[in-house]
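J.: Pasting in a structure now, in structure tokens, and then I'll have a few things to ask.
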Amino acid sequence: MADIIAEATGRRKTAVARVQLVAGEGKCTINKRAFEEYVTDEATRIYTLQPLKIAGVEGKYDVVATAKGGGMTGQAGAIRHGIARALCEADESLRAPLKAAGCLTRDPRMKERKKPGLRGARRRFQFSKR
């Protein structure tokens with residue numbers, strides 16, 4: 001494998017992705033599988049590779065990612081976050097456009113914990129007067 005240009009970690013919900021940028025022709029590999037095979041939804045694919053498009057380096061780097069935890073959308077968001085961070089590490093001038101597009105912001109939305117005395121996070125047991 002070629003030399004790693006940049007390496008970063010991205011997170012969303014409970015998903016964590018380690019992303020490596022390698023000099024290449026734009027191939028993307030996630031968990032040793034082809035990107036198209038791993039991410040089947042077209043909208044999710046576009047969302048995942050958005051930082052490369054914003055930076056204007058779509059055919060310049062190969063992306064090698066390892067994603068763990070969460071579901072498909074969470075992992076896609078984590079990979080997107082990792083790609084954006086790695087691009088900033090590779091070229092600091094890309095930080096402003098990526099930040100303006102919201103690619104460097106970690107999505108803080110998490111599943112709320114179940115509270116004691118309740119059925120769920122906020123759902124209460126059914127009230128009955130009698």
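Read-outs: derived from the displayed coordinates by stated rules, not from any lab. Model, not experiment: these values are computed from the prediction. Note that each Cβ is placed from the backbone with ideal geometry, even for glycine, and that neighbours are counted across all protein chains shown.
J.: Helix 72-90 versus the longest principal axis of the chain: what angle, 0 to 90°, nearest 10, using Cα atoms?
T.: So the helix axis and the longest Cα principal axis differ by about 40 degrees.
J.: Of Gln75, Val64, Ala90, which is farthest towards the positive pole of segment 4-100's charge dipole, taken about the Cα centre with +1 and -1 on the beta-carbons of Lys, Arg and Asp, Glu respectively?
T.: Among Gln75, Val64, Ala90, the one farthest towards the positive end of the dipole of segment 4-100 is Gln75.
J.: Just how many pairs of Lys in the chain have C-alpha atoms closer than 16 Å, counting pairs that are eight or more places apart or on different chains?
T.: 6
J.: Next up: Using just the alpha carbons, could you tell me how many Å³ per residue the convex hull of the chain encloses?
T.: Looking at the chain, the number lands at 134 Å³ per residue.
J.: Using +1 at the C-beta of Lys and Arg and -1 at the C-beta of Asp and Glu, which of Ile46, Phe127, Thr29 has the Cα lying farthest in the positive direction of the dipole of the chain?
T.: Going by the Cα projections, it comes out as Phe127.
J.: Still on this structure: Would you work out the charge dipole size for segment 1-104 about its Cα centre, treating the Cβ of every Lys and Arg as +1 and the Cβ of every Asp and Glu as -1, and quote it to the nearest 20 debye?
T.: Its charge dipole is roughly 460 debye.
J.: Let me check I've understood the local charge: for Thr66, count other residues with C-beta under 10 angstrom from its C-beta, Lys and Arg +1, Asp and Glu -1. What total comes out?
T.: Charge balance near Thr66 sits at +3.
J.: Return, ordered by residue number, the residues of segment 6-33 whose backbone nitrogen is under 18 Å from a label point located 7 Å along Cα→Cβ of Glu89.
T.: 6-12, 16-24, 28-32
J.: By its C-alpha gyration tensor, with a ≥ b ≥ c as the square roots of the eigenvalues, how is segment 1-67 shaped: rounded for a/c under 1.5, else prolate for a/b larger than b/c, else oblate?
T.: The shape class here is rounded.
J.: Also, quick follow-up: For a quick check: with amide H placed at 1.01 Å from N, whose amide H comes under 5 Å from Ile5's, ignoring anything fewer than 5 positions away on the same chain?
T.: Leu21, Val22, Ala23
J.: Calculate the dipole size of segment 77-125 relative to its Cα centre from +1 charges on Lys and Arg beta carbons and -1 charges on Asp and Glu beta carbons; express the result in debye to the nearest 20.
T.: Result for segment 77-125 is approximately 860 debye, rounded to the nearest 20.
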